[in-house]
Amino acid sequence: MQNVLVGGELPRTLKEMMFTAISQDRACRYCEAAHLACCRMLGIDEESIDRLLSNLDSLAPERTRDIIRFSVKCARDPQGLEEADFEALRGHGLSPSEIVEIVDDNEDAALLLSALLTRAGHEVEVAFDAAECLEVMGQRCPDVAVLDIGLPDMSGHALARELHARLGSQVPFLIALTGYGQPKDREQSRDAGFDRHFVKPVDTDELLETIAARDAREGEGDRPVT
């Protein structure tokens, strides 16, 4: 999310308004004055600046207001962010990051993969068995789920079928993770409802590319498991 807010996706004017609001929230008058000067230099009108400083709820357009509100909350208390906050950004087509659920009973492997995906800008949750996965997804459905096939309490194939049964059209993009990559293994994954099949050790670059291309693949209809 940090890459979205301070990277190259947002216009400079919006970034300066964000930093002004954050500086004001933190009572950093020096920073606030510096960013205000940049806002004026970039041509932001005084009415918008006044609303930014005194009545953010009246600031227009809605996209600008929601992004600034999110950035202030994120700077103040990132752990306090809720799903509704992220949904507001997604509603404006802003967030390229995905919520990824990793389900693997090998804790070291799961945490390592989690660190790699987090570093790439994704929001990651980890479960170490199928029961924990089902409990988490009952509360919050991720965009992508990476499921180890050899789970202790339920096979990854059975878990994928259960997710399809429970979530229907809301089922996340399912990626199978296994030590087996023969055609019959890929066919089993496809039959269980997986979208992709990865063989351990996973190629993280390919995994990231697959996650990034998830929306495009969803538009293809019947997706082959490869």
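Since every read-out is calculated from the coordinates, none of them should be taken as a lab result. Keep in mind the model is a prediction, meaning the values are calculated, not measured. Every residue, glycine among them, receives a Cβ derived from its backbone with ideal geometry; neighbour counts consider all protein chains shown.
Considering only 147, 81, 89, the mean-square fluctuation computed in a Gaussian network model of the chain, springs between alpha carbons under 10 angstrom, is largest for 81. Here the 3J(HN,Hα) profile of the stretch 169-177, calculated from phi with Karplus coefficients 6.51, -1.76 and 1.60 at θ = phi - 60°, is 5, 8, 4, x, 5, 9, 10, 7, 10 Hz, Gly and Pro shown as x.
Think of each Lys and Arg Cβ as +1 and each Asp and Glu Cβ as -1; about the Cα centre, that makes the dipole of the chain roughly 660 debye.
Selection among 81, 174, 111 by position relative to the dipole of the chain gives 81 as farthest towards the positive end (Cβ unit charges, Cα centre). Taking the Cα centre of the stretch 85-181 as reference, the dipole from Cβ charges on Lys and Arg (+1) and Asp and Glu (-1) amounts to some 400 debye. Counting only residues at least eight positions apart within a chain, or on another chain, the lysines with an alpha carbon under 29 Å from that of residue 200 are 184. Given the -39500 (n - 2.57) contribution per DSSP H run of 4+ residues, what per-residue ellipticity at 222 nm results for the chain, rounded to the nearest 500 deg cm²/dmol? After summing the helix terms and dividing by the residues of the chain, the value is -16500 deg cm²/dmol.
For log10 I(q)/I(0) by the Debye sum over Cα atoms at q = 0.11, 0.18 Å⁻¹, the value calculated from this model appears in [x] -0.64, -1.21; [y] -0.56, -1.40; [z] -0.44, -1.38 under label [x]. Descending by average beta-carbon neighbour count within 10 Å, the peptides 48-55, 69-76 line up as 69-76, 48-55, the highest first. With the highest mean first, a sort of the peptides 22-29, 125-132, 99-106 on other beta-carbon atoms found within 10 angstrom per residue produces 99-106, 125-132, 22-29. Per-residue Karplus couplings for the stretch 27-41, computed as 6.51 cos²θ - 1.76 cosθ + 1.60 with θ equal to phi - 60°, are listed in order as 6, 9, 5, 4, 5, 4, 5, 5, 6, 4, 4, 5, 4, 5, 5 Hz, Gly and Pro entered as x. Place a +1 charge on the Cβ of each Lys and Arg in the stretch 2-91 and a -1 charge on the Cβ of each Asp and Glu, then give the dipole magnitude about the Cα centre in debye, rounded to the nearest 20. For the stretch 2-91, the charge dipole is close to 300 debye. Once backbone amide H atoms are built at 1.01 Å from N, residue 200 has 178, 179, 180 as its partners under 5 Å, excluding neighbours fewer than 5 places away on the same chain. For residue 151, the residues whose amide H sits under 5 Å from its own are 156, ignoring neighbours fewer than 5 places away on the same chain, with H placed 1.01 Å from N. Among rounded, prolate and oblate, which fits the stretch 2-91 when a ≥ b ≥ c are the square roots of the eigenvalues of its C-alpha gyration tensor, a/c under 1.5 means rounded, and a/b larger than b/c means prolate? Taking the square roots of the gyration eigenvalues as a ≥ b ≥ c, the stretch 2-91 is prolate. Taken one residue at a time, the phi angles of the stretch 152-165 give Karplus couplings (6.51, -1.76, 1.60, θ = phi - 60°) of x, 9, 6, 5, x, 5, 5, 5, 4, 5, 5, 5, 4, 5 Hz. Gly and Pro are set to x. Positive end of the dipole of the chain, charges at C-beta (+1 Lys, Arg; -1 Asp, Glu), about the Cα centre: which of 54, 136, 192 has its Cα farthest in that direction? Final value for the positive-end residue is 54.
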